[in-house]
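Written below as structure tokens is the structure these notes are about.
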Amino acid sequence: MTEFELNYENLKKSFDGILDSFCAGLDCKPEILNDSLIYSLRLGGKRIRPVLMFAVGKLLGLDSQKLKNFALALELIHTYSLIHDDLPEMDNDDFRRGKPSNHKVYGTGNAVLAGDGLLNTAYSVLFGECFNGSEYVSAAKYICDCAGIKGMIAGQSADLLHQNDSEIDEDVLDFIYENKTSKLIMAAVVVPSILCGGKYYSELKLFGRDLGFLFQITDDILDVEGNFENLGKSVGKDSAEGKYTSVRLYGLDKSNVKADLLCERCVKILESFNGNTEFLKDLVNFVRQRIN
């Protein structure tokens, strides 16, 4: 295991402990609601948003205890979005992380409610943080805005609206990328800045945007070059469903070039920071080189 892999695993384990405590404290009725929430939360995944939040917090000298509930809320929001994204009315995917999607196990209606439950619980967690001071209010609002109608939901709506468009518009693609994917990654890296009085705010906001673009372009490439065993979900669906993707607009080779350029831009932004940014640089390369 490399030093990066070890550090990543340690940050991931820290967050997994927070998530395990949250799941252990759930006591929803009826039982199917409780089970469906825990099912999706414990499907695994890279936990890249909490890891990013903790890593940026460490770079800025912020106590990780101040971030734990923000990281939890962000992961609850991300998980809700995946549950809804897999629904027949959205991306219609039967698998998530190699296991049946929530709606395949608990039914479409219960999957909708599980997603709604996670979103509302995330907001409750964020409201709880607001009692700690004005900077906590600002951080909570930033996450809510990134997840809402001027963030992820707007991106999802545009993704559905422009499905099967005969021509691909670059501005529309950028809008989908920035809102559907980048906004929650921006939240992960900007929240620590807000709690530190805005330190590196503009730089981290740009870093989060570019990293989100890199993540989504890599996803588009993997939908063409990847396989179910690595991805844990269906492949080839973007093309079959006429999705707005980088590969559809630019082609596979140019998409790989764009991903490389985004990777370089992210690293260059990090080089402007004081402190040890090696882990974050390695994380950028990890996103570029990932196979799942």
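The values are calculated or read from the model by the stated rules, or taken from the named source; none is laboratory data. Remember, predicted model here, so these are calculated numbers, not experimental data. Cβ atoms come from the backbone with ideal geometry, glycine included; neighbour counts cover every protein chain shown. Ligands, DNA and RNA are excluded from the accessible area calculation, which covers all protein heavy atoms including side chains. Shrake-Rupley method; radii C 1.70, N 1.55, O 1.52, S 1.80 Å.
Structural remarks
- Amide H to amide H, with H built 1.01 Å from N, residue 99 comes under 5 Å of no residue 5 or more places away or on another chain.
- All other residues whose Cβ lies under 11 angstrom from that of residue 262 are scored, Lys and Arg at +1 and Asp and Glu at -1, for a net of +2.
- Of the DSSP H helices in the chain, those whose Cα atoms cover at least 30 Å axially and whose Kyte score averages 0.0 or more: 108-129, 201-225
- Set 29/58; 199/281; 104/180; 12/281 screened for pairs whose C-alpha atoms are more than 28 Å apart: 29/58
- In a reduced charge model with +1 at each Lys and Arg Cβ and -1 at each Asp and Glu Cβ, the stretch 128-285 shows a dipole moment near 480 debye about its Cα centre.
- A protection proxy built from the mean count of other Cβ atoms within 10 Å ranks the segments 243-252, 27-36, 154-163, most packed first, as 243-252, 154-163, 27-36.
- Within the accessible area of the chain, the carbon and sulfur atoms contribute 50%, probe 1.4 Å, all protein chains present.
- In nm, spacing of pseudo-spin labels at residue 16 and residue 33 (7 Å Cα→C-beta vector): 2.9
- Proportion of all alpha-carbon pairs of the stretch 1-74 beyond 19 Å (%): 39
- In summary, the chain shows an alpha-carbon radius of gyration equal to 0.96 times the 2.2 N^0.38 Å reference for compact globular proteins.
- Solvent-accessible heavy-atom area per residue, rounded to whole Å², over the chain at 1.4 Å: 45
- For residue 148, the amide hydrogen comes within under 5 Å of the amide hydrogens of 153, counting only partners 5 or more places away or on other chains and with H modelled in the peptide plane.
- The stretch 1-57, dipole about Cα centre (Lys/Arg Cβ +1, Asp/Glu Cβ -1), debye to the nearest 20: 180
- FRET efficiency for the residue 127 to residue 285 pair, using the beta carbon distance and R₀ = 45 Å, is estimated at 0.75.
- With q set to 0.15, 0.29 Å⁻¹, the log10 of I(q)/I(0) for the stretch 1-40, from the Debye formula over equal scatterers at the Cα positions, is -0.48, -0.90.
- Against the compact-protein benchmark of 2.2 N^0.38 Å, the Cα-based radius of gyration of the stretch 39-158 scales to 1.12.
- At 1.306 mPa s and 10 °C, Stokes diffusion of the stretch 92-195 via Kirkwood alpha-carbon radius, µm² per second: 101
- For the chain, built as a Gaussian network whose Cα springs stay under 10 Å, the top-fluctuating residue of 40, 81, 272: 272
- Each peptide in 203-212, 182-191 receives the mean, over its residues, of other Cβ atoms within 10 Å, and ordering these scores from highest gives 182-191, 203-212.
- Cross-link partners for residue 205 among the aspartates and glutamates, with Cα-Cα distance under 12 Å and sequence neighbours closer than 8 places in the same chain left out: 178.
- Between residue 225 and residue 174, the distance separating the two model label sites (each 7 Å from Cα on the Cα→Cβ line) works out to 2.5 nm.
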